[in-house]
Structure formats: structure tokens, C-alpha cells
2 protein chains.
Amino acid sequence: MKPFVDFFQKMTVPSDSKIVMLILDGLGGLPLMPGGKTELETARTPNMDALAARSELGLTIPVGPGITPGSGPGHLAMFGYDPIQYEIGRGALEALGVDFELGSEDIAARGNFCTVDQNGILVDRRAGRLPTQESQKLVDLLRTIKIEGVEIIIEPVKEHRFVFILRSHGIGADITDMDPLRVGLAPLEAKAVSPDSLKTARIVNQFVQDAKQLLAPQPVANMILLRGFDRLPKVPKFFDLYKLNAAAIAVNGMYRGVARLVGMDILPVDGLSIGDEFSALEKFWSQYDYFYLHYKKTDTCGEIGDFPGKVAAIEEFDAQLPRLMALNPDVIMIGGDHSSPAVMKSHSWHPVPLLLYSRYARSNGISMFGETICRSGSLGIISAQHVMPLALAHAGGVAKFGA
Amino acid sequence: MKPFVDFFQKMTVPSDSKIVMLILDGLGGLPLMPGGKTELETARTPNMDALAARSELGLTIPVGPGITPGSGPGHLAMFGYDPIQYEIGRGALEALGVDFELGSEDIAARGNFCTVDQNGILVDRRAGRLPTQESQKLVDLLRTIKIEGVEIIIEPVKEHRFVFILRSHGIGADITDMDPLRVGLAPLEAKAVSPDSLKTARIVNQFVQDAKQLLAPQPVANMILLRGFDRLPKVPKFFDLYKLNAAAIAVNGMYRGVARLVGMDILPVDGLSIGDEFSALEKFWSQYDYFYLHYKKTDTCGEIGDFPGKVAAIEEFDAQLPRLMALNPDVIMIGGDHSSPAVMKSHSWHPVPLLLYSRYARSNGISMFGETICRSGSLGIISAQHVMPLALAHAGGVAKFGA
């Protein structure tokens, strides 16, 4: 059976509508006590409530039953892509996370400084969680390594971590990890798993040897480990799927990276607040058909178990909504990439509230937005991958099928 | 597209949780009058009601829209297997039904005694529904037949029925039935449908010839018919799928057989009552991560059209629930393998009420368990195959997908 998206792509047509997808990261939640109110239900959200009365409500399943997604797969699904088919590997994710513009041919890996003894045996896989500032200096050292025929790029991450990027053409990314995953062993050599990756393995091993020599005088961070080599998955472009000129508004690298992966333009945001993000929306309003706007604070609070903080973050978001309404968009989605219940202090598999506004919404007239009311909404419990097709239909962007 | 279960299997991790799946056979029902209460809604179930207030509720579709399953497919789905992909044939089902430990290479068929006239023409396909006691004597007679190179096992069932098992290696099970399905015709010869089944057909035809000679002096049961030759499907093991050490508590052979098929340990039960089954649960509590407990009486009453009997059976089950709660399990599922509405006197396709308790349940706080309240529960109407993935997520047994 062909995936639905292959059929859907043939049905999409350009339209004059403005579509906005607002993603509150980790929006879905749980009550503090059985039968109580979730974070979203606790928050005073007069603007979202008013919009809900004119919208279709539902719950989205990000990846599948029981699957707790990271933000990468959660976003891909909300953009209409099957996150299992288009899996983003660990190296590529790390590169997206630091806002690096990973090319489609680039091979990325997660790197970290580590400590080995005089016999080359691993004694600390994280080099004592080297402070970020010191790590940056060592990254500059690694940047001096040159290997003929390829470009090697190193980007610092946090503490002992960095991203290793190999920019070349026609070579494979199928090489094994160097991290033995426990101390007491020597770091492994990278080995090619496919013939076209033999050259890749040679380059990587050469780089590590050079790095080892350069780092030898260091008291702690005297070696490196690389793992999770991969490229970005090749995904169909957002424009080809939906005939939409799409732009992304996000202040964290990871979300900008996933939006870039599907072919959205990444808009500059002056500042880091949700107000700054809405300012970017206003500024570029006339230039795009579709805007994806990402709000991080809901997830941050959920992950540290801060129930009142998540409530306040939702209220802060709600206060901005009138600025969007003033632009008179045709279709608005308010949803999340996954749930992050404060009581769990983590992402979760629970379905995520979704609001879909358009003039053609089959709405219930009730001014309320939350997990419980969404459960009985007109959309039902749907796959997150179905949100974009529905939104596009509401925008007049889908042709009639058959006669 | 690969089945979801292939992906899910890669995501499961061991956890310390205790998971219990309580299956009330044929749980789903219908009201006696339109708009009335079903069996489950009529029953006084204070313990399940209290648990429901802290649980997620929903309805499960056993196999697919409009499909009325037998208990075999109904159970496989609740265990997370696609019952269409892993079809259990009639011969194998008959062997499971008498609690026979069918090996993965064994070929099983349904057998029955019949009556032929002096020309070998079938005059009664069931030998006058021979009493079980007489049938057992004839089974002992059949057991004297020896065929070189294979082991043949005969197990009595009920009345005129028995199971025929051919224990051998490297031979096919693709042979045709011998039952012409109506009187006035001679029993058919078994024919091989695939080359590797030629030997199988020869053995079976030889056995039937020998049986005919042995049975010739019998006044009624003077011949046999064999049909539904097959092996058990090869299913992935429960432990490999879910990383759970699983045990089954059931007093009927069929349910023990299906549990054995997926690789569960079958626990001994001292007695036949639901109380005896809960005693087994208590006794083995510390030894397993997952328990499947089967309760038959609900289905038995449904199939004979005994509405008050089914209500009473549900109440009898409910009275045992505190014994489970005292063990403090992490995840509890209460559901059914299919519906058996008393008004239909049969299994049916109707979705089945499901309760899923865990500390992370998105619950509604309402003390009620029944078809109507489940319809508006947080789980929605889901495939029975999604129940195990959800339960495992609630138990902390599924890794995060992506970052």
C-alpha cells in the first residue's frame, strides 16, 4: 500500500490563503491528581478559548500508540511526514541542534572529548564534563586538522560535546561508532559497513589519530569519541507536497533545523521571547502562505516538572494570540509536537490537544481548549500526520477527487 | 510500509513494572432494549468503577470493522499481534482447545467419526453425535495404528470429535480435506497441494485406510474424516516484542494454548473458579512482569443468551479485583477478546470496553465502567493491537524515539 501522502501530494493546488501552525512544544499534559485539570486546562486562556468556540478540536497522536517522540519526529509528523520513514539520526540531530546548516550530502556525527590513560584505555567517556568554555578552545584546536579532498567542520555544543561534519561527495555514511560505551576499553576504530563508506572510515580514523596527537598534552580532554554518523533523510519538500511558500519562526536551532530540512525559509527573530516571534510573524506576513511558529517554554517547564510554570507559559502565549488574529489568517492550528506532562518530568506518548480554526470549521461553540474538551471535538483522535492535509483543505488548497 | 509492530519492537526496553491484563471473555454486550443498559452497565461493579475513575477508558476493535472474531484471533490482537497475519488454522485450534502442547513442526487436523454404508458412501458425517465415552474407546483403537517414520497422536475432544496430530519434520502441511461436507458422497482422499506435502498426503491416506479396517465392525462409527490440516503460525515471542517475562492464568485449554503460542509461561491453577485464578496470581506475583488472566464465564453466558447470568458473572469477577489491587500493580488492563451480547447468543464484532489504569492515566474522575462511558474515554476507539504498546508505555517500557 502506498502511503496516503503520495496520493495527497497529487491533489494539492495553490491557493491565496494564509495558514499558521502554532506549535507549543510539549503542549499535552496530565492533571496533578486523577480527574483534575491538566496544565492547559488550568491556564487562563481567554483568547484560545474564544477561538476554540469557532474551531474544530481534536487530539493528535504524534508517532503511534505508546511512542514517546523527541521534538524531531514530533515536528515531522505535524508537518505531515511519517517520522518512522524519515528518521533523523543522532549526528544529524546534533547538527540541527546548534543551528548548523547541514547540507544534504554532509555526514554528521556526535563528538565528545574524553580521557584515556597512557595505554590509550578510556577512563572517562565525558572528560569530566569539560566546561563549555574550555571545550570551545579545544574545538578551535581540532579545526586546525586538515585532510586532503574533504572539508571537515567542527561545531561546539555544550560541555564536552561537539558536532563533527564531513563535507564531501559520493562517499557513504555507513561507518561504525568509535565509542565502546564503557570505560576500561580503548576507543574503537571506525569501520565501513558498505563499500562506498571505506573512504569515509579512512578519513575519520585519520582525523581521530591527528586529534589524539594534538590533544595529547591536555590533562583531561586528551582524546575524542565520534558516533552516530549519518546524513539527513531525504524528505519531499514542503512546497512540493502542499504548494505553500512556508516560513519558520523559531529561536532554537533544533526546530529551525527540522523546518529547514523540509524546505521552509527560516525567518530572523529579533530577540528570544514569544513576543519577538509574533513580531517576526507580523513583519513577514505578506511574504508567505504558511507560517510555522514554535514556542519552547511549555516543554521546558514540563520537562523539569514545573506545573505552575507550564501554566504560566501557556498564558504568556495566549496573550500574544490577538496579534495573530489582527492579521486575519484563513487557517490557524494550535497544537503540540508531543505531550510533556509536568507530573512526568519528560516527554510522553499521550495524545496532544489540537485546535483547527477556519471559516469552515465544524465547531462546537464552546469557549474552552484543553485535553478533555478536545477528546470530544469534531476531529476525534487523529494521527498528527493528518493535520496538514486537513488544514490545507480548510484553506482551499486541495482539489476535488473524482467527479 | 512495514507494520508498526516491527518498529515498536525496536523501542521496547526492560522495566521494573508489574503489568496485568484481565480478559473477561466476550465482555462487550448490548442492551435488552434500545437505549438500555448493557450487561456490563447493568452489573454492580464498585471495584471496577472506582478504578475507572483513575484510568483511561476506550473501546477496542478486535480485528477490523464488522469482523466477529473467535477467541483465538481476539486474544492474539489483545496481545499485540495482527490476527489476520498470524492466522491459527482449525486443526491447530482444535489441538490448543484440548490443551495439547502442539510443537512448531506438528501438523494438526480436526477429526471426527462418521458413518459410511457398505459402498463407502457417507450417510452420517457425525456418527450420530457419538457419546464422548464411546468415542474415547475408539480413539484408543486409532492409537494402535503405527506408520513408519512418523509419530501419530490422537486426542479425544467431545462427542464424535478428536484431534489428529502428525509429528514429523521437513514435510508440508498443504493437503486437502477429506470431508466432502455432505452425505451421499464418499470421503475424499487427501491430496498434496505442494510438492513437500506429497509424503504427508500418503501418510494421512494410509492412516485413514488402516482406521477404516479397524472401525469396520463398529455399528455406527465405522469411518473417520480429517480436515483443516495446518501448523501453528510462527509468531514473534512476547518477550522479544515487549521484554516482559509473561505468565498466563487460564483454566480452559484454548486460552492456555494461545498464551503458550506467544511464549507465555502457563501457570498452574488449583481449581476452576475465578477465585482460584486470582490465587494463582497472588502465588506467582513476584516471579513475572506481566500476567494475563482469563475469565470464561462472561462469554459462556453471552453465548447461551443468559443476560442476567452474564451480569452476575461480571459481578463475581468484580468482587475479586481488590485482591489484585492489594498487590499494587503498576498497569492494569481490563478488557475483552470480543463482544458476546446475550441478545445475540453469539460472539459479535462490536467494540469491547477497555480500562487502562496507571499512575500516568489521563483519567476523567468518573466512577463508571461500561460501553457508553468508554465511548467518550480518553483512549477513543482503538485497534486491540494498540493496547499492549499503550500499556507498555504506561509501564515505562518504551524508549524515547528521536531527540
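The values are calculated or read from the model by the stated rules, or taken from the named source; none is laboratory data. Predicted, not measured: the structure shown is a model, and the values here were computed from it. Using ideal geometry, Cβ is built from the backbone for each residue, glycine included, and neighbour counts are taken over all protein chains shown.
Report yes if A:LYS243 is more than 20 Å from the chain's Cα centre (by Cα) and on the phi > 0 side of the Ramachandran plot, otherwise no. Reasoning before the result, please.
Working: more than 20 Å from the chain's Cα centre (by Cα): yes; on the phi > 0 side of the Ramachandran plot: yes.
Yes.
Quick one: in the stretch B:337-351, which of the residues that are within 17 Å of the chain's Cα centre (by Cα) and of a type outside the set (S, T, N, Q) is nearest to B:MET254 (Cα to Cα)?
Here the residue is B:ASP337.
Scanning the stretch B:370-395 for residues that are more than 19 Å from B:MET78 (Cα to Cα) and more than 9 Å from chain A (Cβ to nearest Cβ), which turns out surrounded by the most Cβ atoms within 10 Å (Cβ to Cβ)? So that I can check it myself, show each step before the final result.
Kept after step one, since they are more than 19 Å from B:MET78 (Cα to Cα), are these residues of the stretch B:370-395: B:372-373, B:376.
The next check asks that each one be more than 9 Å from chain A (Cβ to nearest Cβ); those that pass are B:372-373.
On the way: B:THR372: 13, B:ILE373: 19.
This residue is B:ILE373.
Conditions (1) in the same structural domain as A:LEU185 (by TED's automatic domain parsing); (2) surrounded by fewer than 18 Cβ atoms within 10 Å (Cβ to Cβ); (3) under 29 Å from the mean Cα position of the chain (by Cα); (4) in a strand (DSSP E or B), marked per residue:
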site: A:GLY111; (1), (2), (3), (4): yes, no, yes, yes
site: A:ASN119; (1), (2), (3), (4): yes, yes, no, no
site: A:GLU134; (1), (2), (3), (4): yes, yes, yes, no
site: A:LEU138; (1), (2), (3), (4): yes, no, yes, no
site: A:GLU148; (1), (2), (3), (4): yes, yes, no, no
site: A:ILE165; (1), (2), (3), (4): yes, no, yes, yes
site: A:HIS169; (1), (2), (3), (4): yes, yes, yes, no
site: A:GLY172; (1), (2), (3), (4): yes, no, yes, no
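Sort out which residues of the stretch A:232-246 are buried (at least 18 other Cβ atoms within 10 Å of the Cβ) and either of a type in the set (Phe, Trp, Tyr) or within 28 Å of A:ILE154 (Cα to Cα) (or both), and write them in order of number.
In the first step, residues of the stretch A:232-246 are kept if they are buried (at least 18 other Cβ atoms within 10 Å of the Cβ); the result is A:232, A:235, A:238, A:241-242, A:244, A:246.
Those that are buried (at least 18 other Cβ atoms within 10 Å of the Cβ) and either of a type in the set (Phe, Trp, Tyr) or within 28 Å of A:ILE154 (Cα to Cα) (or both): A:LEU232, A:VAL235, A:PHE238, A:TYR242.
Which numbered condition trips up B:ARG359, out of (1) touching a helix residue (DSSP H, G or I) at 6+ places or on another chain (Cβ under 6 Å); (2) assigned by TED's automatic domain parsing to the domain that holds B:GLY80?
(1)
Of A:THR115, A:THR132, which residue is within 23 Å of A:LEU215 (Cα to Cα), among the β-branched types (Val, Ile, Thr) and out of contact with any helix residue (DSSP H, G or I) (no Cβ under 9 Å at 6 or more places or on another chain)?
A:THR132
Name the single residue, out of those in the stretch A:10-43 being of a type outside the set (D, E, K, R), surrounded by fewer than 16 Cβ atoms within 10 Å (Cβ to Cβ) and more than 14 Å from chain B (Cβ to nearest Cβ), that is nearest to A:MET264 (Cα to Cα).
Among those that are of a type outside the set (D, E, K, R), surrounded by fewer than 16 Cβ atoms within 10 Å (Cβ to Cβ) and more than 14 Å from chain B (Cβ to nearest Cβ), it is A:PRO14.
Scan the stretch A:98-110 for residues that are away from every other protein chain (no Cβ under 11 Å) and over 16 Å from A:GLU151 (Cβ atoms) and jot them down.
The answer is A:VAL98, A:ASP99.
In the stretch A:68-97, what count of residues is obtained for those that are away from chain B (no Cβ under 13 Å), among the aliphatic types (A, V, I, L, M) and over 12 Å from the mean Cα position of the chain (by Cα)?
0
One line per residue, one yes/no per condition, for (1) in contact with a Gly (Cβ under 9 Å, 6 or more places away or on another chain); (2) farther than 30 Å from B:ALA192 by Cα:
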site: B:ILE224; (1), (2): yes, no
site: B:PRO236; (1), (2): yes, no
site: B:ASP240; (1), (2): yes, yes
site: B:ASN245; (1), (2): no, yes
site: B:VAL251; (1), (2): yes, yes
site: B:ARG256; (1), (2): no, yes
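All but one of (1) over 16 Å from the mean Cα position of the chain (by Cα); (2) at positive phi hold for A:GLY263, so report the exception by its number.
Every condition holds for A:GLY263 apart from (1).
Could you please find all residues in the stretch A:174-214 being of a type in the set (Ser, Thr, Tyr) and not in a loop (DSSP other than H, G, I, E, B)?
Residues satisfying the conditions are A:SER197, A:THR200.
Enumerate the pairs (first residue in the stretch B:355-371 and within 13 Å of B:ASP49 (Cα to Cα); second residue anywhere and in a strand (DSSP E or B) and β-branched (Val, Ile, Thr)) with beta-carbon separation below 7 Å, excluding pairs fewer than 6 apart on the same chain, so at least 6 apart or on different chains.
Every condition considered, the pairs that remain are B:LEU355/B:ILE334; B:TYR357/B:VAL331; B:TYR357/B:ILE332.
Within 14 Å of chain B (Cβ to nearest Cβ), in contact with a strand residue (DSSP E or B) (Cβ under 7 Å, 6 or more places away or on another chain) and over 22 Å from A:VAL311 (Cα atoms): is that true of A:VAL5 in this structure?
When the stated conditions are applied, A:VAL5 does not pass them.
Scan the stretch A:225-251 for residues that are of a type outside the set (A, V, I, L, M, F, W, C) and either within 13 Å of chain B (Cβ to nearest Cβ) or in a helix (DSSP H, G or I) (or both) and jot them down.
Just the residues of the stretch A:225-251 that are of a type outside the set (A, V, I, L, M, F, W, C), to begin with: A:227-228, A:230-231, A:233-234, A:236-237, A:240, A:242-243, A:245.
Selection gives A:GLY228, A:ASP230, A:PRO233, A:ASP240, A:TYR242.
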